[in-house]
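The values are calculated or read from the model by the stated rules, or taken from the named source; none is laboratory data. These figures come from a predicted structure and were not determined experimentally. Cβ atoms come from the backbone with ideal geometry, glycine included; neighbour counts cover every protein chain shown. Side chains included, ligands, DNA and RNA excluded: accessible areas come from the protein's heavy atoms. Shrake-Rupley method; radii C 1.70, N 1.55, O 1.52, S 1.80 Å.
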Amino acid sequence: MYKQIMLFNKNINLEIGNVYVIFNNYLLQEDKLDQSEKIFYINLPFYNSIKIPEYINDKDLSIEKYKKLIKKYNLEFIKPQEIIDVFNQLVYAIINEIESRNIFIIGTMGISFENIKLILKELINIAKIHEKIFVFVQNESKNLNIIEKVDLLKLNDFETWYVNKLENNDDNAFVFRQRR
């Protein structure tokens, strides 16, 4: 089953139960985003996207709560720890919203190459089991507007698939830079 949403001024059909990556190096503040209450925008350079510090500001960030969420969603590769870095804050925000949102549009700002791969691995199972759609937006890419479905084959050859689409083939390319 597919769900159509407007993302960056385009109507896009996304298959429920899947994870996608958008390689897009031309994002503008004015780009239109679907404003449905069931879509969760986080860590994107848009005024209507939630910033991670704003999201976690009034949340229970205890290791016990994080551990329960990790266990509840059967995460294999992410271990509970203090939620002080951007990676764990982003993972916490995503899994904390799974029951109330259907579609997640996630920016990669501040997330390293290895951590993007790790999150994508975890989200493949969550998407299928909970019938959700996850879209990672990587704007430091060679390509203008490509959306690709993530699968285990792509993750097994992550460097070739993901890194070769970036402008700079170094780890710094994985920082989603906000426009000022």
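Estimated at 0.36 nm per residue, the fully extended path between residue 71 and residue 15 surpasses their Cα-Cα distance by 17.6 nm.
Solvent-accessible surface of the range 32-114, taken per residue with a 1.4 Å probe and all protein chains present: 51 Å². What the Cβ-Cβ distance of residue 82 and residue 130 gives, at R0 = 22 Å and to the nearest 0.05, is a FRET efficiency of 0.25.
Protection proxy ranking of 36-43, 150-157, 64-71, by the mean of other Cβ atoms within 10 Å over each peptide's residues and highest first, is 36-43, 64-71, 150-157. In the range 80-167, the portion of solvent-accessible area held by carbon and sulfur atoms comes to 48 percent [1.4 Å probe, whole percent, DNA, RNA and ligands not counted]. Shown in residue order for the range 157-164 are the 3J(HN,Hα) couplings computed by the Karplus curve 6.51 cos²θ - 1.76 cosθ + 1.60 at θ = phi - 60°: 10, 4, 4, 5, 5, 8, 5, 5 Hz (x for Gly and Pro).
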